[in-house]
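Presented below is the structure to which this report refers.
Derivation of every value follows stated rules applied to the coordinates shown; laboratory data play no part. Everything quoted here is computed from the prediction, not taken from an experiment.
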Amino acid sequence: MKLVFLGPPGAGKGTVAQVVEKDFGIMQISTGELLRAAIQCETELGIHAKYYMDDGNLVPDDLVMALLKQHIDTSECKSGYILDGFPRTIPQAEALIDAEIQIDRVVNFSMTDALIIHRLSGRRIHRETGRVYNLNPDGHPHPPADLEDNMLVLRKDDRPDAIQTRLKVYHEQTEPLVGFYQKRNLLLQLDGAKPSDVLCEEIRVALGH
Ligand code: AMP
């Protein structure tokens with residue numbers, strides 16, 4: 001089973017992908033995570049990618065495609081995978097077709113800009129574990145009460161100016177993929193504002209799992 005998780009930043013793709021990964025026994029491949037790992041390791045690709053990512057812009061298609069192919073070709077991905085945050089442009093979707101990678105279903109998490117801005121501005125990452133928390137009163141999950149504030153960091157691309165850029169980039173370059181996959185009858189539309197456990201159940205039902 002090969003799935004694509006599509007949607008604006010902060011729509012909950014990653015959280016749901018972690019559950020679906022376990023449920024379906026297929027690998028979550030988040031290009032954002034792969035790029036952040038490359039930055040952490042200060043690889044040539046990471047140094048190049050950081051320049052785009054910090055400001056909320058997309059990393060060039062050829063770099064992301066090369067990184068993705070390295071992972072898809074590993075044995076862990078044999079039984080299938082969830083592409084979380086890939087493709088993000090029409091040329092990336094076309095590159096999948098050119099590489100003869102056949103996607104079974106594309107799950108689109110839709111959400112309003114106002115809710116995206118609200119969610120991303122409250123998002124914090126645990127410095128050591130990488131766990132994602134949300135500081136908003138209605139945010140989920142809340143950091144544990146005994147966690148020191150300095151253990152939580154704001155992702156550079158979750159700063160207000162970078163969020164605005166990411167939204168603009170999303171509408172201009174990624175949103176056209178909804179029509180691209182709709183035309184190919186692959187789309188499953190979900191409301192990203194719903195809680196993640198509800199979204200997971202909707203995916204299970206839709207995919208007959
Ligand atoms: P994410 O963790 O999915 O929100 O991705 C964080 C950032 O990584 C994005 O804002 C982009 O700069 C970069 N990125 C992740 N996936 C892609 C992709 N498929 N194409 C280009 N850039 C990407």
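Considering helices alone, the calculated mean residue ellipticity of the chain at 222 nm is -13000 deg cm²/dmol, with DSSP H runs of length four and up weighted by -39500 (n - 2.57) and normalised per residue. Less than 5 angstrom separates the built amide H of Phe86 from those of Phe5, Thr31, all sequence-distant by 5 or more or on a different chain.
Under Stokes-Einstein, with the Kirkwood radius over Cα pairs as Rh, the value for the range 102-209 at 4 °C and 1.567 mPa s is 81 µm²/s. Per the Kirkwood formula applied to alpha carbons, the range 48-180 shows a radius of gyration over Rh ratio, Rg over Rh, of 1.00. Which of the lysines could be linked to Lys69 by a straight reach, that is with a Cα gap under 30 Å, when you skip same-chain ones fewer than 8 residues away? Result set, ordered by chain and number: Lys2, Lys13, Lys22, Lys50, Lys78, Lys156, Lys168, Lys183. Compactness of the range 1-117, taken as the C-alpha radius of gyration over 2.2 N^0.38 Å, stands at 1.04. With contacts defined as alpha carbon pairs under 8 Å and 6 or more residues apart, what's the relative contact order of the chain in percent? About 31 percent, as a whole number. Cα centroid separation, the range 94-148 to the range 1-73: 12 Å.
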